[in-house]
1. Do we have VAL242 as open to solvent by 20 Å² or more (accessible area, probe 1.4 Å), of a type in the set (A, V, I, L, M, F, W, C), at pLDDT 95 or above and more than 30 Å from LYS7 (Cα to Cα) here?
2. Any chance you could count how many residues in segment 106-134 are in a strand (DSSP E or B), open to solvent by 30 Å² or more (accessible area, probe 1.4 Å) and out of contact with any Lys or Arg (no Cβ under 9 Å at 6 or more places or on another chain)?
3. Please go through (1) open to solvent by 30 Å² or more (accessible area, probe 1.4 Å); (2) within 20 Å of VAL295 (Cβ to Cβ) for VAL68 and return the number of the only condition it doesn't satisfy.
4. I'd like the full set of residues that are farther than 30 Å from GLU238 by Cα, touching a helix residue (DSSP H, G or I) at 6+ places or on another chain (Cβ under 7 Å) and open to solvent by 50 Å² or more (accessible area, probe 1.4 Å), limited to segment 253-285.
5. Consider PHE143 carefully, then state whether it is more than 23 Å from GLU33 (Cβ to Cβ), at pLDDT 95 or above, touching a Leu at 6+ places or on another chain (Cβ under 8 Å) and surrounded by 14 or more Cβ atoms within 10 Å (Cβ to Cβ).
6. Criterion first (in a helix (DSSP H, G or I) and either touching an Asp or Glu at 6+ places or on another chain (Cβ under 8 Å) or modelled with pLDDT of 95 or more (or both)) does LYS375 satisfy it?
7. I'd like the full set of residues that are under 18 Å from ARG47 (Cβ atoms) and among the charged types (D, E, K, R), limited to segment 76-93.
8. Can you list residue pairs whose Cβ atoms sit under 8 Å apart, with the first residue in segment 196-209 being open to solvent by less than 20 Å² (accessible area, probe 1.4 Å) and the second being among the β-branched types (Val, Ile, Thr)? Count only pairs 6 or more apart in sequence or on different chains.
Amino acid sequence: MAEKSFKYVILGGGVAAGYAAREFAKQGVQPGELAIISKEAVAPYERPALSKAYLFPEGAARLPGFHVCVGSGGERLLPTWYEEKGIQLILSTEIVKADLPAKTLVSAAGETFKYQILIIATGSTVIRLTDFGVQGADSKNIFYLREIDDADKLVEAIKAKKNGKAVIVGGGYIGLELGAIMNINNFDVSMVFPEPWCMPRLFTSDIAAFYEDYYTNKGIKIIKGTVAVGFTADSNGEVKEVKLKDGRVLEADIVVVGVGGRPLTTLFKGQIEEEQGGIKTDAFFKTSVPDVYAVGDVATFPLKLYNELRRVEHVDHARKSAEQAVKAIKASEEGKSVDEYDYLPYFYSRSFDLAWQFYGDNVGDTVIFGDNNPKSPKAKFGSYWIKEGKVIGAFLEGGSAEENQAIAKVAKLQPSVQSLDALKSEGLSFACKI
């Protein structure tokens, strides 16, 4: 097959790829210089929609409505946009070999792609129960959610198993968002996770208690401290029961699994320096290999605010790291420099009528403030994390745009506090006066 050559190649077709392409266009990339190689069949889109509006029973989001960069209030980049800019979208193409010294990528179909500069934006893949040999985990109607194809299959199952029983395996982001979505779709929902409370990597027990009680009040059954150890299927191979480690058996028409992800770095093993499960980069997302950059989920980068290396799996970082890498590439070509990446960790979620945001770091002592009664018509509460006398993290449920900006500012500036009791009584007003 003929070899294709590009000045720049972005490997991966997710959020980071789309935002990188937009930044290349802003920086004046020439037609034919840039290609995006993606195993997905569609142009880059805002992945968070898949666990939210894509699954709504009414008014569901569909492409082209959520192509990047609408998630951050930017222009929607339709496939025609890439054509107009002379950016080649090479879709439905899986790369199976990367030879970084030779600056060559090879696809499953045997196509060869050469590049001068590579941006690795391969993202993450879901952890599957079949990876652990869980009995019956390959039954039909056990779903994972990462790509639009996964969401389409789940949509079909929701229609086919109308008003049925759904079991959500996992109590993190996907678990909480899918638990809500399946409830909204009129399923009888059970959530199962091994930890003592939901979202344990971020939530304190106090924060988690609000969401668990809210979900319980919606009719969702929350089963903590155990795991799914097997599945039974009917004669059609469709899942019908989930067996739990504690001996309980749950009926299920649909199972959705959200037990985490792992960065897609296998192609580069042994060719590039790695750290914390990701590809090690500097503050400009340059890797240990010349002319190779890594962004988004796969990058382990210097988090300037805390003076440590971190890997961040979140859409906000995917967008911003992609833009930073492209700015750095173009600046180096012109003999200029750009500021180091100075990222403030940010996470958010929406489910039912709830919406929370978190900024900063969740270590140290905590105080909780506000109305965290799950039966309140419009609950609004938050939490601060305090380390060495400074506020370094802030969480808010039900905040306005201005209030969310205020807690972000607190997490960035890290103001000193004299007393935890005083901070608790001041609550949100502490952030709003900074």
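The values are calculated or read from the model by the stated rules, or taken from the named source; none is laboratory data. Given the structure is predicted, the values throughout are model-derived calculations rather than measurements. A quick note on method: Cβ atoms are made from the backbone with ideal geometry, for glycine too, and the neighbour counts reach across all protein chains shown. For the accessible areas, the whole protein counts, side chains as well, though only heavy atoms, and no ligand, DNA or RNA atoms are used. Shrake-Rupley method; radii C 1.70, N 1.55, O 1.52, S 1.80 Å.
1. On the way: open to solvent by 20 Å² or more (accessible area, probe 1.4 Å): no; of a type in the set (A, V, I, L, M, F, W, C): yes; at pLDDT 95 or above: yes; more than 30 Å from LYS7 (Cα to Cα): yes.
Considered against the rule, which asks whether it is open to solvent by 20 Å² or more (accessible area, probe 1.4 Å), of a type in the set (A, V, I, L, M, F, W, C), at pLDDT 95 or above and more than 30 Å from LYS7 (Cα to Cα), VAL242 comes out as no.
2. Matching residues across segment 106-134 total 0.
3. (1)
4. Across segment 253-285, the qualifying residue is only PHE284.
5. Values: more than 23 Å from GLU33 (Cβ to Cβ): yes; at pLDDT 95 or above: yes; touching a Leu at 6+ places or on another chain (Cβ under 8 Å): yes; surrounded by 14 or more Cβ atoms within 10 Å (Cβ to Cβ): yes.
For PHE143, the condition - more than 23 Å from GLU33 (Cβ to Cβ), at pLDDT 95 or above, touching a Leu at 6+ places or on another chain (Cβ under 8 Å) and surrounded by 14 or more Cβ atoms within 10 Å (Cβ to Cβ) - is met.
6. Details: in a helix (DSSP H, G or I): no; either touching an Asp or Glu at 6+ places or on another chain (Cβ under 8 Å) or modelled with pLDDT of 95 or more (or both): yes.
So LYS375 fails the test.
7. Correct list: ARG76 only.
8. CYS198/ILE222; MET199/ILE207; ILE207/ILE368
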